[in-house]
Amino acid sequence: MSLLITNIGELFTNDAHGRELAHDAAVVVDGDRIAWVGPATGAPAADERIDAGGAAVLPGFVDSHAHLMFAGDRAAEFAARMAGEAYTGGGIRTTVGATRAATDEQLRHNARRLVGEALRQGTTTIEIKSGYGLNVADEARSLRIAAEFTAETTFLGAHVVPAEFQDRPDDYVSLVCGPMLALAAPHAKWVDAFVERGAFDEDRARTILLAGKEMGLGVRVHGNQLGPGPGVQLAVELDAASVDHCTHLSDADVDALAASGADCMCHDGSGRTVATLLPGAEFSTRSPYPDARRLLDAGVTVALATDCNPGSSYTSSMSFCIALAVREMRMTPAEAVRAATLGGARALRRDDLGVIRPGARADLLILDAPSHLHLAYRPGVPLIRDVIHGGRPSTAAAPEHSSGRPSTPAAAEHNGAASEHHRGRPSPAAGTTEQDRGRPLGAAGTTKHDGVPQ
Ligand code: NIG
Ligand code: FE
């Protein structure tokens, strides 16, 4: 099926070969790919048409950092922080206890709820980490369930050393590199480690990340979140796709990121190891924000992601992160939107995402606004009017009872991870709560959607 989106007031393409922002544009989608981009006057016919009504259209958000495999919440810990307590990461063990005690169905239900929540807010690709199991069985099942929702799954057995290994961290490293990795790797694309005082030191993290690499996993790193440390340098040394948080950086860290990949054939003048900034974490832990301007000015590739997790950043909203990045981190709105789309794609080493050009995945957002500026200018306002997800308008798919189609487990499909049983399964799925049921994925907007051939 082909689909023409016309009457686009501002098309935010991220396309290096064309104009980043086009006015009065149209896009044609064929199947799950973008087939044509150009001025509205020259648009070819398609099976269906959406009139964007002069709204802005941008690529779907690529949330390259989320911890969705957990049970329980830590609202009381948040309240204590707002009353002056510091964030140390110590609460991770609370979530480990709740996660181990949960059934598979409870973990699946929670992940599905959050993936659906993110999709309704424009996130068409989401990375999901394990890291709240921290034993062989619970890490493996976390990843097995995560893989039902996305192809971008990350093994984070090296989140913290669990309580039962408190005095034997090297034994835990051996467990992670041995039996845990063996059972996790079949369900994981990436390996990650939290390189921080109180979590994993440089040598232990290197051992784990190299073991993951040996098993064919790509490397990502949590680094330099709570203080200065070796995370960034280790990430660059191991050609990590991304080092995430980057709140406390030395000049040498910034230089290393900017120069990363300079010897690679694929080098395009900006750093290959992406600095992924997670301003939801600084918001929720009341910490100083990273300086995105410093990174951008140095030539570092920057991504924005939510870090969605029950402890340090319980938001699934990329729009919220964009607003924070602009207000608190000295990014322009265009830089922030680019970081939340193309930046996320770079952080996942995906060249089919985060860009509107022929051949890319047809993941598109139609805003309830005339330009991308409104995402930062109107914080907290639900501006995602329509989500085109793998070529299909989510608004049309959402009301399960009326469309007869499963409304999500979206992420699995858009990442190409969908197995047939997800596609065809009647969905107790994404909109699992009562208020979700029957509600279109985007808020009711003014978009006109004609199901008639042009
Ligand atoms: O990315 N920094 C480490 N891990 C998470 C927080 C996990 C938690 O507090 O539960 C993060 O912020
Ligand atoms: Fe994280």
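Numbers below:
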{"quantity": "Contacts under 6 angstrom Cβ, first residue in region 154-166 being within 12 Å of ligand 2 (Cβ to nearest atom) and open to solvent by less than 10 Å² (accessible area, probe 1.4 Å), partner among the hydroxyl-bearing types (Ser, Thr, Tyr) and modelled with pLDDT of 95 or more, 6 or more apart", "calculated": "Leu156/Ser130"}
{"quantity": "Residues located in region 330-340, provided they are open to solvent by less than 50 Å² (accessible area, probe 1.4 Å) and either touching a His at 6+ places or on another chain (Cβ under 7 Å) or in a loop (DSSP other than H, G, I, E, B) (or both)", "calculated": "Met331, Pro333, Ala334, Val337"}
{"quantity": "Test set (1) of a type in the set (A, V, I, L, M); (2) within 19 Å of the chain's Cα centre (by Cα); (3) part of a loop (DSSP other than H, G, I, E, B) - Leu156 fails condition number", "calculated": "(3)"}
{"quantity": "So Gly116, is it in contact with a Ser or Thr (Cβ under 6 Å, 6 or more places away or on another chain), in contact (Cβ under 8 Å) with a residue 24 or more places away in the chain and within 16 Å of ligand 1 (Cβ to nearest atom)", "calculated": "no"}
{"quantity": "Residues that are in contact with a Phe, Trp or Tyr (Cβ under 7 Å, 6 or more places away or on another chain) and within 26 Å of His248 (Cβ to Cβ), drawn from region 163-189", "calculated": "Tyr172"}
{"quantity": "Residue tally, condition under 25 Å from Asp263 (Cα atoms) and touching a residue at least 60 places away in the same chain (Cβ under 8 Å), over region 195-221", "calculated": "3"}
{"quantity": "Within region 261-329, helices (runs of 4 or more DSSP H) holding 1 or more residues that are within 21 Å of Pro382 (Cα to Cα) and in contact (Cβ under 8 Å) with a residue 24 or more places away in the chain", "calculated": "279-285, 318-328"}
{"quantity": "Output for region 269-313, where each listed residue is surrounded by 24 or more Cβ atoms within 10 Å (Cβ to Cβ), away from ligand 2 (no atom under 11 Å from the Cβ) and among the polar types (S, T, N, Q)", "calculated": "Thr273, Thr301"}
{"quantity": "Top-ranked residue of region 181-205 - restricted to ones that are part of a helix (DSSP H, G or I) and hydrophobic (A, V, I, L, M, F, W, C), ranked as nearest to ligand 1 (Cβ to nearest atom)", "calculated": "Ala205"}
{"quantity": "Qualifying positions in region 72-131 - surrounded by fewer than 20 Cβ atoms within 10 Å (Cβ to Cβ), of a type in the set (Gly, Ala, Ser) and in a helix (DSSP H, G or I)", "calculated": "Ala75, Ala76, Ala79, Ala80, Gly97, Ala98, Ala101"}
{"quantity": "Selection status of Ala146, within 16 Å of ligand 2 (Cβ to nearest atom), of a type outside the set (S, T, N, Q) and more than 23 Å from Pro59 (Cα to Cα)", "calculated": "yes"}
{"quantity": "Any hit, region 208-218, residues being modelled with pLDDT of 95 or more, in contact with an Asp or Glu (Cβ under 7 Å, 6 or more places away or on another chain) and in a helix (DSSP H, G or I)", "calculated": "no"}
{"quantity": "Candidates Asp253, Asp239, Asp244 - the one that is away from ligand 2 (no atom under 16 Å from the Cβ) and buried (at least 24 other Cβ atoms within 10 Å of the Cβ)", "calculated": "Asp253"}
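The values are calculated or read from the model by the stated rules, or taken from the named source; none is laboratory data. Quick caveat: nothing in here was measured; it's all calculated off a predicted structure. With ideal geometry, Cβ positions are generated from the backbone for all residues, glycine too; neighbour counts draw on all protein chains shown. With ligands, DNA and RNA removed, areas are computed over all heavy atoms of the protein, side chains included. Shrake-Rupley method; radii C 1.70, N 1.55, O 1.52, S 1.80 Å.
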